[in-house]
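I have placed the structure first, in the form of structure tokens, so that the comments after it can refer back to it.
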Amino acid sequence: MNYTGKKVLVTGGLGFIGSNLACRLAEAGAKVVVLDSSVQGCGANRRNLAGYDIPVIDDDIGNAARHAERLRGLEAVFNMAGEISHINSMRDPLRDLELNTTAQLRFLLALRAMQPGVRVVYASTRQVYGVPQFLPITESHPVNPIDFNGVHKNAAASYHRLLNASGDVDATILRLTNVYGPRMALNIPEQGVLGHFFRRALNGEPIEIFGHGEQQRDPVYIDDVVDACLLCASRHRLPHANLNVGGPEALPLAEIAGALAAAGGCEIRFRDFPEGHKSIDIGSYSTDSSRIAATIGWKPVTLFPAGVAKTLEYYREHRSHYLPS
Ligand SMILES: NC(=O)c1ccc[n+]([C@@H]2O[C@H](COP(=O)([O-])OP(=O)(O)OC[C@H]3O[C@@H](n4cnc5c(N)ncnc54)[C@H](O)[C@@H]3O)[C@@H](O)[C@H]2O)c1
């Protein structure tokens, strides 16, 4: 899609992935609207949109119908709103249910009423697969989430699939692996392992790894994820509702931490899983992204060392907005 002059909505557009997407869309000439209620504990940061003239509707996505007038005429919806913390979901499952499931259903029903058939790209997660039965994971791997976040995100993805099948929306669900890059909320420890590693590296503090560090992850750089979303939204009625989005290579956590420790001049420490973390650990994960490559021609292009260098450069320049002293 040529996004020039196109009206698009980014939910969760004050957060990490949504803001990178919103800024890129604005650079491409789109008329971007963000819908984000700055949920406490999530990664919303007004600074993420600094320098861009992007209007923000400050409300829960579940209340989208209230803003029908402002949301009229959307060409595409990038549905990035959500709570990503697995550990928070175990501590407060009902909060996670409200944010990731109930609000999503209300939002989709509002879209159906306001703009039937609208193109929607939804940010789902690798977490829906649970503990891998084989690697790399394809879309036909069984769905068996092991934490509330995965269960609720899967329910929301099912709503997208259902309304896609009925033609009420034209939805694609991207199952994202661990994403990293500029605009991550580094100051929220519950947001995941990569944010923790970057924060420690930038602070010159020891990087902690839970367990032996041989668990694999395939981090994907944010610009590649934004490319996947933009390409996806530019096509209609794709033959597959679910598409995996993974990084260019699987690396042991110890190697991922090692790259950051070297950049930050800090050490790595191994420790036992803290209370509550072991039961929701999935072990090793890596993505088979061949379906999205065949469907829309997307492949991750940013290798981990290059992505790390760009990410650290960003935070060194904008540190006070992400890691206030
Ligand atoms: N970051 C990752 O590694 C990753 C991996 C897999 C999937 N995802 C998915 O991608 C999406 C975006 O993740 P992120 O890393 O940008 O998270 P983030 O916390 O940085 O941003 C999420 C944004 O959504 C907003 N939000 C949450 N619930 C809302 C609601 N009900 N109404 C309005 N706004 C709401 C928050 O205020 C926040 O600004 C999430 O849905 C997440 O599940 C992220």
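Coordinate-derived values only; no laboratory data. Everything quoted here is computed from the prediction, not taken from an experiment. All Cβ positions, glycine included, derive from the backbone under ideal geometry; neighbour counts span all protein chains shown.
General observations
- Peptide packing: for 274-280, 293-299, 33-39, the average count of neighbouring Cβ atoms within 10 Å per residue gives the ranking 33-39, 293-299, 274-280, highest mean first.
- Farthest toward the positive end of the dipole of segment 174-325, out of 254, 295, 180, is the Cα of 295, where the dipole comes from beta carbon charges about the Cα centre.
- In order through segment 126-135: 3J(HN,Hα) via Karplus (6.51 cos²θ - 1.76 cosθ + 1.60), integer Hz, x for Gly, Pro: 4, 4, 5, 6, x, 6, x, 8, 7, 10
- Fraction of antiparallel bridges per DSSP, segment 1-139 only, in percent to nearest 5: 0 percent
- For segment 225-297, radius of gyration divided by Kirkwood radius, i.e. Rg to Rh on alpha-carbons: 1.12
- Cα shape, segment 168-325, gyration tensor, a/c 1.5 rule: prolate
- Most tightly packed first, judged by the mean number of other beta-carbon atoms within 10 Å of their residues, the peptides 40-51, 173-184 read 173-184, 40-51.
- Cα gyration tensor of segment 128-233 - equivalent ellipsoid semi-axes, whole Å, descending: 29, 18, 13
- In order along segment 217-231, phi translates into HN-Hα couplings of 9, 10, x, 10, 6, 4, 4, 5, 5, 4, 4, 4, 5, 5, 4 Hz, rounded to whole numbers, per the Karplus curve 6.51 cos²θ - 1.76 cosθ + 1.60 with θ = phi - 60° and x for Gly and Pro.
- A viscosity of 1.306 mPa s and a temperature of 10 °C, combined with the Kirkwood radius over C-alpha pairs in the Stokes-Einstein formula, give the chain a diffusion coefficient of 80 µm²/s.
- Nearby aspartates and glutamates by direct alpha-carbon distance to residue 310 (threshold 15 angstrom, same-chain neighbours under 8 apart not counted): 223, 224
- When +1 charges are put on Lys and Arg Cβ atoms and -1 charges on Asp and Glu Cβ atoms, the dipole computed for the chain relative to its Cα centre reaches about 780 debye.
- The chain, helix-only ellipticity at 222 nm - DSSP H runs n ≥ 4, -39,500 (n - 2.57), divided by all residues, nearest 500: -10500 deg cm²/dmol
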